[in-house]
Amino acid sequence: MEEGWGKSVEDELWKYGEGELWEVGGEIEERRRRDYARQVGVVAELWSRTPGAKDDRRAMVTDLMRRWKLTRGQGRELLRHAELFRSRQIREAAGAGVLSRLHLNVIGKTLDEAPEVDRDKVEAVLLENAVEFDGARLKAIGLRILQLLDQDGKAPDDRELARPERELSVETRRDGSVVIRGRIDAEAGAGLEALLSPLAKPTSGKDSRTLVERQGDALVEIIGMAAASEDLPVEGGERPHLALTMSMAEFEQRKATARIEGGGVLNVHSVRRIGCDSKVMRVILGRGRRCWMWGGPGGRSRGRSGRR
């Protein structure tokens, strides 16, 4: 089929059956991998004509950016892959269309971390598995290989034991959704995986959620469980809570947004969902939006402005 495909942009895709379209797409992917391998081969030849020093590396990346209109990241990736082409086996597998860019990234990173005496064996195992598995699965295989080669792992120093590497970035977007980025140490990570795993399983054979979506839902469940826990710390005499502020008129008309204590906003539909499982406190504001009266399940109080 490859012979008659791509002769002109006027090819009429509707004439192809579903099986033929999948076959054509696969051929295009293999051809793209082979083309990329040829490009990497060109970079490998150019790189072999330099001394290979640190300054040469910077100059090569700059030339790739300028001449081929690449980003810095793409230029660096090309050069890393070109260095892998010193291996005849990797070069041939890439040329045959077996290796994607992600495959090459995984192979390079795994070989960098593997003991030098084991690198040939590790390379052979990775290339064998690359024929069958995609880059994501190959990455898991590479991590497993490294674990088997160094089962004791790196011994932590006193500083790592006293203060493990943990960081969390929580960014609130304009629509009120939250982007979470971070890293935790291996022990805490194992605990997180143990919590996520049972909650992130498909609910049935018809569950169409991706793994990432199921893990997101599982994290929200864990947050809910933690919020309901009696072991949560107390702040200001109360367990941690989320304070949302908006006028009653806006709430009833489903307009505008609520202000979140500590910064950020939330749309009214989200506020209504949260309100289904929350305490509601009425706050009456006087002039200058100063608190005049507030009241909740525990009673009612007047602010200073209310006693004028």
Selection count, the stretch 90-128, where residues are small (Gly, Ala, Ser), within 15 Å of Ile141 (Cα to Cα) and assigned to a helix (DSSP H, G or I): 2
Boolean, Arg66 is part of a helix (DSSP H, G or I), in contact (Cβ under 8 Å) with a residue 40 or more places away in the chain and more than 21 Å from Leu111 (Cα to Cα): no
Pro51, sole failed condition from (1) part of a loop (DSSP other than H, G, I, E, B); (2) in contact with an Asp or Glu (Cβ under 9 Å, 6 or more places away or on another chain): (2)
Residue satisfying all of: in the stretch 128-182; at pLDDT below 90, of a type in the set (S, T, N, Q) and exposed (fewer than 12 other Cβ atoms within 10 Å of the Cβ); farthest from Thr110 (Cα to Cα) among these: Ser177
Cβ-Cβ under 6 Å pairs, at least 6 apart or on other chains, the stretch 85-99 side assigned by TED's automatic domain parsing to the domain that holds Phe133 and modelled with pLDDT under 95, far side in a helix (DSSP H, G or I) and among the acidic types (Asp, Glu): Gly97/Glu30
Residue under evaluation Glu77, criteria (1) in contact (Cβ under 8 Å) with a residue 12 or more places away in the chain; (2) more than 23 Å from the chain's Cα centre (by Cα); (3) assigned to a helix (DSSP H, G or I), criterion not met: (2)
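The values are calculated or read from the model by the stated rules, or taken from the named source; none is laboratory data. All values reported here derive from a predicted model rather than from experimental measurement. Methodologically, a virtual Cβ is constructed for each residue, glycine included, from the backbone with ideal geometry; neighbour enumeration extends over all protein chains shown.
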